[in-house]
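The next block holds one structure in the form of C-alpha cells; read it before the comments.
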Amino acid sequence: MKPPVLQHGRLMASLERALAERFDLHGLWQEADPKAFLAAHGHRFVALATSARFGADRALIEALPKLAVIASFGVGVDAIDLDAARERGVAVSNTPDVLTGCVADLAFGLLIDVARRLTAADRFVRRGDWRKGQFPLARRVWGGNLGIVGLGRIGEAVARRAGGFDMTVRYHNRRIVENCRYDYEASLPALAAWADFLLVACAGGAATRHLVSREVIDALGPDGFLVNVSRGSVVDDQALVEALQAGRIAGAALDVFEDEPNVPPALLALDNVVLLPHIASATTETRQAMADCTLANLVSWFDSGRLLTPAV
Ligand code: 8YV
C-alpha cells in the first residue's frame, strides 16, 4: 500500500506525477470545502507536500493530528508555521543549494538592469522614442559597492558574481560569518549609506519584517539602488514607494512583493523600478532539481525516518 501524502497547493506537474507514483497523493487544492475534508480525513495523513508559496499554517498543521513530516518545494520556509511544527515534533524539509545559482544569477541580472536601465531602454525602443532622441545616461555597475543583507548561500553566490565586476562587497547579518572574506557591517543603515547597491537576500518571516525600513532606504540615498530577491515582507513597501517617488533613492529592482501577485499600483507607474513576478528560481533546470529534492526528502523520510535537507 502506498503511504498517503496530502498536497497543499499545486506543484510542478512533473513533481505531482512523481509523488503520485510513489505515494497515495491527495490534493487538498481539489477540495471544494478543504476544512470539511480535513475534519473528516485529516487523521489519515502523516506527510504533507507543499511549497514556499503555500506553506503550512498552524490551522493546517493542527488539522492533521498524525502529521510527522512536511516536505516543501522552495528554500524559504517563512510560510510554514515552524513553531506549530516544532510543538508537534513535525520534521520540515526545504530545497536549499539547488536554487542558489539561478537566484544569484537573477539577482545580478536585476542589479545590472536597474543600474543600466535595460528594461527601461527596451521600453524606449519599443515606444519608438529612439527616433526622437537619445536614451538618457545610466549608472555604472562595475567597481561599485555592493551591500548584502543576509550573507547566506544566495548572498554569497551574488558576492562571487560581483567579484567578476570588480565590485567591493560588505554584508550585514544577525551574526558575523566566520572566516569570511567580505567585511561585516553591524549597522544596516551604515551598510546602506556605504552601498551603491543594497541586495536583500536574507530569510523572510517575522524576524526580518520591514528590516529595510525608511531609515535604511534614506541611508541608501539618491544614488543608491535596492535589489530584493528575498521576500517582500523584508522591505517597508510604503517607505520604498515614497522614496522612489521623491527621488530619495535611485531605483529598485524587485522579484518579490508583500502580497503576491498584487504589486503596489504606485510602483507600476515608476520608470526607475524593475518588477518581476517572483521568478528567481524559475528555470527548467532549477525547478526540476527542486522537485527532485522535494521528492527525495519524502522518500528518504518514509524509507529511513531521515530528511536529506531538513529546514531546521
Ligand atoms: C519558490 C521561493 O520556491 O524557494 C523559495 O523560497 O521563493 C521560490 O523559489 C517558488 O515560488 C515556488 O513556491
I need the trypsin sites (Lys or Arg not before Pro) found in the range 181-271, filtered to DSSP loop residues with at most 11 other beta carbons within 10 Å of theirs. R181
Could you please put W142, W194, W130 in sequence from largest to smallest accessible area, using a 1.4 Å probe? W130, W142, W194
If one builds a Gaussian network model of the chain from Cα atoms under 10 Å apart, the most fluctuating residue listed among V241, V158, V177 is V177
Which of these, A289, A266, A107, has the largest mean-square fluctuation under a Gaussian network model of the chain (Cα springs below 10 Å)? A266
Mind giving me the FRET efficiency for R209 and D83? R0 is 25 Å, r the Cβ-Cβ distance, nearest 0.05 is fine. 0.95
Lysines with Cα under 19 Å of K66, excluding same-chain neighbours fewer than 8 positions away: K2, K35
Quick one: the Cα spread of the range 1-112 along its three principal axes, in angstroms, biggest first? 52, 31, 26
In the range 183-212, whose amide N lies under 17 Å from the spot 7 Å out along Cα-to-Cβ of D57? List them in ranges. 205-206
Pick from D122, D183, D292: which is most flexible by mean-square fluctuation in a GNM of the chain where alpha carbon atoms under 10 Å apart are linked? D122
How are the Cα pair distances of the chain distributed, in percent, across 10 Å bins from 0? 6, 25, 29, 21, 13, 4, 1, 0
Calculated FRET value between L137 and D259, using beta carbons and R₀ = 22 Å, to 0.05: 0.05
Tell me, Kirkwood radius of the range 58-165 from alpha-carbon pair distances, in Å? 17.6
When the convex hull of the C-alpha atoms of the range 100-275 is computed, what volume per residue in Å³ does it have? 115
Potential extension, S14-A40 segment - 0.36 nm per residue separation minus Cα distance: 6.5 nm
Computed [θ] at 222 nm, helices only, for the chain once each DSSP H run of length n ≥ 4 contributes -39500 (n - 2.57): -10500 deg cm²/dmol
Per residue, how much accessible area does the chain show when a 1.4 Å probe rolls over the protein heavy atoms, in square angstrom? 48
Listed by chain and number, the aspartates and glutamates with an alpha carbon less than 19 angstrom from that of K132, same-chain partners under 8 positions apart left out, are D122, D271
Would you tell me the accessible area of V125, worked out with a 1.4 angstrom probe on the heavy atoms of the protein chains, in Å² to the nearest 10? 80
Pop out the ³J(HN,Hα) list for the range 267-276 in order, Karplus 6.51 cos²θ - 1.76 cosθ + 1.60 with θ = phi - 60°, rounded to Hz; leave Gly and Pro as x. 5, 4, 7, 9, 8, 9, 10, 10, 10, 10
Please identify the DSSP H helices in the chain that span no less than 20 Å along the helix axis (Cα) and have a mean Kyte-Doolittle hydropathy of 0.5 or more. 100-116
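The values are calculated or read from the model by the stated rules, or taken from the named source; none is laboratory data. Quick caveat, the model's predicted, so the values are computed rather than measured. Every residue, glycine as well, gets a Cβ built from its backbone with ideal geometry; the counts of neighbours run over all protein chains shown. We work out accessible area using only protein heavy atoms, side chains counted, and drop any ligands, DNA or RNA first. Shrake-Rupley method; radii C 1.70, N 1.55, O 1.52, S 1.80 Å.
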